[in-house]
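Here's the structure we're looking at; comments come further down.
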Amino acid sequence: MPDLSTYLQYNDPLTIISRSGTPQDPFIDRADSLPVINGIITLLELPSPTDKVNIAGFIEIDQEVFENRPVLNEHEFLVHYGMGVIQFHPSQEGTVHLCRYKGRGLIMYPASRIYAMVTRNPDVVVTLQDYIDQIQAKINENQIALGKIEDAIKESQAQTDLSRVATDKANQAADNATIAANKAKDAYETTRLVFKEPVADIVELRLMYPLPEIGWTVQTYKDGKRYRFDGNHWIEIDVFGQNLQVVNDFKDGLMSIEEHKKLKDMPLELQDRVIVLCKDSYVFQEPIGVLAPFPFTGEIVKVEAICAFAGETESEITIERTRDFNTWLNVLDRNIKFNPNDRKDDKLVSIRHNQVLAGDIFRANVIKAGLNIQSITIQVTVRT
């Protein structure tokens, strides 16, 4: 098991996962098939300087030789063992080479040291940790706003319950008025309220009660108006709930203007979007050339893969992302694996870095290619 070490004298430490090179914790054999970009290849692990790096058809030169003539020949390369970087002659730009070496671990950088250039003149730099903090702050603000909305809803429900009680008491008063009608019929005819089932609007009211009696009272739930039949016409007598002020962009109501605008900006529902990475031919140990830029911010929730023709041996694939085409980050904790003769992955993929920022670029990197495996399609589901 590699040792995990951190540099705690820094606020945001680097994390180094290293192997000791002993029989109990040996260096592992690596074979990285990687392209030359900007004159260099960045290996997936730090190579052992003792065991060197082997590239078929090329010769490694020492640092001392390079310092005496700081120009590489076409078939020479220089290894920076402390950084895991291999330097090539400019003629090798864009070519892919299989680098064999013994891996002794890797260096992981904190989010506070991964930056993006937001604007120029003057330069404004924002780190990945800044974006993460801003997203968390937005989530906290939305949760507070939702809590206030829930409190307002509860208060409104309490007022509705009180109104129902008042309505029941009014119905009882109407019944008592009916008993008193024999003593004061004229007064009763002009003041009694006989509540009927509510309707949508005035049009439905006339259809529902074509032969009303004096005192019948009906509420329309579209606008909250109450109508009473006076013997000839339906007369509007009041508007139920008119004291409840509705909020808008210019006036406070049940919530403040700021809370109202935040609520309007919140998405009504989350949406799943899919990144598809594929290769329609034989699959080899190398990064698949298809790149997929993603224009939304979200969270990776699922990774699945299939192939048209199963391999005779095991295959393993990583999903990587970048923002500068130089540094590629494996987003998986457990890579995609195809067992021999299986056309679907083993469903044991686990995601380590699930947060996605708008502008991230994705690719698939074949770490181990099964014999005769062909036509792979990988689906990455991102919830935005």
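Here, each number is a calculation from the coordinates, and none is a lab measurement. Just so you know, these numbers come straight off a predicted model, no measurement behind them. Don't worry about glycine lacking a Cβ; one is built from the backbone with ideal geometry, like all the others, and counts go over all protein chains shown.
Take the Cβ atoms of LYS196 and LYS148, set R0 to 45 Å, and the FRET efficiency comes out at 0.75.
Which ordering of TYR101, TYR282, TYR188, TYR227 is given by a fewest-first count of other beta-carbon atoms within 10 Å? Lowest to highest Cβ neighbour count: TYR282, TYR188, TYR227, TYR101.
By the count of other C-beta atoms within 10 Å, a proxy for reagent exposure, ASP238, ASP360 are ordered fewest to most as ASP238, ASP360. In loop segments of region 352-384 as defined by DSSP, the trypsin sites (Lys or Arg not before Pro) with at most 11 further C-beta atoms inside 10 Å of their C-beta are ARG352. Rounded to the nearest whole Hz, the Karplus-based 3J(HN,Hα) values (6.51 cos²θ - 1.76 cosθ + 1.60, θ = phi - 60°) of region 35-45 follow the sequence x, 7, 10, 6, x, 9, 10, 9, 5, 6, 9, with x at glycine and proline. Evaluating 6.51 cos²θ - 1.76 cosθ + 1.60 at θ = phi - 60° for every residue in region 85-100, the Karplus couplings come out as 10, 10, 9, 10, 5, x, 5, 8, 4, x, 7, 10, 10, 8, 9, 9 Hz, glycine and proline recorded as x.
When the chymotrypsin sites (Phe, Trp or Tyr not before Pro) in region 286-342 are filtered for DSSP coil states and for at most 16 other beta-carbon atoms within 10 Å of their beta-carbon, the remaining sites are PHE296, PHE325. When both bridge partners sit in region 3-108, DSSP labels roughly 95% of those beta bridges antiparallel.
If you take all other residues with their beta carbon under 10 Å from the beta carbon of ILE235, and give Lys and Arg +1 and Asp and Glu -1, the sum is 0.
Look at CYS307, CYS278 and count the other Cβ atoms within 10 Å of each Cβ; fewest to most, that gives CYS278, CYS307. At an R0 of 45 angstrom, the distance between the Cβ atoms of LYS169 and GLU314 translates into a FRET efficiency of 0.05.
For region 258-337, GluC sites (Glu not before Pro) are listed when DSSP marks them as loop and at most 13 other Cβ atoms sit within 10 Å of their Cβ; the list is GLU269, GLU312.
Remark: relative contact order (region 3-108) = 40 percent; criterion is Cα-Cα distance under 8 angstrom and separation of 6 or more residues. Our coupling estimate for region 67-79, obtained by passing each phi through the Karplus curve with A = 6.51, B = -1.76, C = 1.60 and θ = phi - 60°, is 5, 6, 9, x, 9, 8, 6, 4, 10, 10, 9, 10, 9 Hz, Gly and Pro reported as x. Amide H contacts of ILE373: VAL283, GLU312, each under 5 Å away and 5 or more positions distant or on a separate chain (H built 1.01 Å from N in the peptide plane; Pro and chain starts excluded). The LEU348 and PHE66 beta-carbon pair, evaluated with R₀ = 35 Å, returns a calculated FRET efficiency of approximately 0.20. Counted by Cβ distance under 15 Å from LEU78, the other residues give a net charge of -4, where Lys and Arg count +1 and Asp and Glu count -1.
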